[in-house]
Amino acid sequence: MRVKVKFLASLAERFGRREVDVNAAAGVTAEQVWAQVTGGAAMPPNTLVAINKEYAGRGKSLADGDEVAFFPPVTGG
Amino acid sequence: MRVKVKFLASLAERFGRREVDVNAAAGVTAEQVWAQVTGGAAMPPNTLVAINKEYAGRGKSLADGDEVAFFPPVTGG
Amino acid sequence: MKIEVREQPFEPWTEVAAYERKALKPGACGAAAVFVGTMRDMSGDDRVQAMRLEHYAGMTEKHLARIAEEAMRRWPVNDALILHRVGDLKPGDPIVLVAAWSAHRADAFAACRFLIEDLKSRAPFWKKEQLEAGVRWVEENTPG
Amino acid sequence: MKIEVREQPFEPWTEVAAYERKALKPGACGAAAVFVGTMRDMSGDDRVQAMRLEHYAGMTEKHLARIAEEAMRRWPVNDALILHRVGDLKPGDPIVLVAAWSAHRADAFAACRFLIEDLKSRAPFWKKEQLEAGVRWVEENTPG
């Protein structure tokens, strides 16, 4: 299946990209996609995950066409 | 001694006057001046007292030249 | 710090903007908390047509200045503004504006809340409402 | 209810006044509570020269609309406004404006406070500061 992966803020800088489309195995979780895209980098403990622009646990499974985003703690306002 | 007595808001309407200068005995309290000026009317329990524009207890003694004010609960803001 | 009791209608947001421009250093305060109280067209179940706001001139300003100073002593507040209307009001007219500026939001909120609570419970203002059925003094403010 | 993420500088009090004129019925709301957060020229002990505010377009608007709806569900709030700046900011620039209108002050304050606390802890914005010594991402917001 196809999944869109987004990195935001400092994670976009760290990995040198903001968005990448990947082929992933059916039922893969957010953290498995992270590992796949980052070449096995450890996910910083404070990393936040959103699936289709809603907060989600990192162990949540993705479906075909999903957008999964990884970002650091938010600092707006 | 001379004391200036003020009634505010509904008390000014009730007594038909906002301000009166009275001769009072030395050491008289705010509530004694109330009784003197109102002809012995009972002071409503929620009446507030200010002496020289500061909140004061109704039993506080007045000095010559003081301004004592009586008013109902405040309703600003 | 500014305290004002005003006989004329005022536009609260224009007042906040003007005071910021005049009194505050841009970049110094991270947080502004503002409360504006406006005359409602209902009082309980009664339609209010107009209102007269009376105050104890002299004591009012003294009391408001004291609570603004107390707010600035209790919290690390850079500045405070209190503006209160008196005289004859119509529904929709702003009655009171209180504002507190601080480096951080918790202090700005706490100071702003303190200012309006103390003002409503202690500052010598009185409201007299004009209803269809006649005129009545408001007897007590609602708790905060 | 209005939610906006804006690339351009804004004057918060003008925005509040304009929104009130457009969306609110005069006399219906007795209370407005407003919070404005402004870019400070200091971050801890460091002087900040500029700031870049990034966000997760699409998720931001969705999240802000949800918290505004939640505020209006939890408290008897007539209306709410959230405006947040993104892009390149200078010290003194307003960053965020949140406002809540209600019949009574306690509800307006509670809703306003809730909006800014949730926004700061959950809405997907990130600050990157330009200091004299270089650039750094802000790592965490201070608690409310």
* Mind listing whichever residues of the stretch D:89-114 are under 18 Å from D:M1 (Cα atoms) and free of Cβ contacts under 8 Å to residues at least 60 places away in the same chain? => D:A110, D:F114
* Structure fact -> B:P44 meets each of (1) part of a loop (DSSP other than H, G, I, E, B); (2) within 14 Å of another protein chain (Cβ to nearest Cβ); (3) in contact (Cβ under 8 Å) with a residue 60 or more places away in the chain with one exception, condition (3)
* Selected residue (only one of C:D93, C:D88 is at pLDDT 95 or above, within 10 Å of chain D (Cβ to nearest Cβ) and surrounded by fewer than 21 Cβ atoms within 10 Å (Cβ to Cβ)) -> C:D93
* **Residue within the stretch A:40-48 that is surrounded by 19 or more Cβ atoms within 10 Å (Cβ to Cβ) and among the β-branched types (V, I, T) present** => no
* Go through (1) without any contact (Cβ under 8 Å) to a residue 40 or more places away in the chain; (2) over 25 Å from C:E20 (Cβ atoms); (3) not in a strand (DSSP E or B) and name the single condition D:D118 misses. => (1)
* To do: Could you list all residues from the stretch D:67-97 that are closer than 14 Å to D:C112 by Cα and among the charged types (D, E, K, R)?
  => D:E69, D:E70, D:R73, D:R74, D:D79
* To do: Please determine, by comparing only the residues of the stretch D:121-144 that are assigned to a loop (DSSP other than H, G, I, E, B) and facing chain A (nearest Cβ under 10 Å), which one is modelled with the lowest pLDDT.
  => D:G144
* Asked: What number goes with the only condition from (1) farther than 21 Å from D:A108 by Cα; (2) among the aliphatic types (A, V, I, L, M); (3) touching a residue at least 12 places away in the same chain (Cβ under 8 Å) that C:V135 does not pass?
  -> (3)
* Structure fact -> Over the stretch B:57-77, the set of residues crowded, with 19+ Cβ neighbours inside 10 Å and either more than 10 Å from chain C (Cβ to nearest Cβ) or in a loop (DSSP other than H, G, I, E, B) (or both) is B:L62, B:D66, B:V68, B:F70, B:P72, B:V74, B:T75, B:G76, B:G77
* Asked: Just one of C:A28, C:A17, C:A33 is free of Cβ contacts under 8 Å to residues at least 40 places away in the same chain and either more than 10 Å from chain D (Cβ to nearest Cβ) or among the aliphatic types (A, V, I, L, M) (or both); which is it?
  -> C:A17
* Asked: Is at least one residue of the stretch D:101-122 out of contact with any strand residue (DSSP E or B) (no Cβ under 6 Å at 6 or more places or on another chain) and over 22 Å from C:V34 (Cα atoms)?
  -> yes
* Quick one: in the stretch A:1-41, of everything that is touching a residue at least 40 places away in the same chain (Cβ under 8 Å), out of contact with any Lys or Arg (no Cβ under 8 Å at 6 or more places or on another chain) and of a type in the set (K, R), which residue is nearest to the other protein chains (Cβ to nearest Cβ)? => A:K4
* To do: Considering each residue of the stretch C:51-82, count those that are among the charged types (D, E, K, R), under 30 Å from C:E132 (Cα atoms) and buried (at least 17 other Cβ atoms within 10 Å of the Cβ), and give that number.
  => 1
* Structure fact -> Flagged in the stretch D:123-139 as out of contact with any strand residue (DSSP E or B) (no Cβ under 7 Å at 6 or more places or on another chain) and either surrounded by fewer than 18 Cβ atoms within 10 Å (Cβ to Cβ) or under 18 Å from D:G30 (Cα atoms) (or both), in numbering order, are D:A133, D:G134, D:E139
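The values are calculated or read from the model by the stated rules, or taken from the named source; none is laboratory data. Computed from a prediction, not measured in an experiment: that's the story for all the values here. Every residue, glycine as well, gets a Cβ built from its backbone with ideal geometry; the counts of neighbours run over all protein chains shown.
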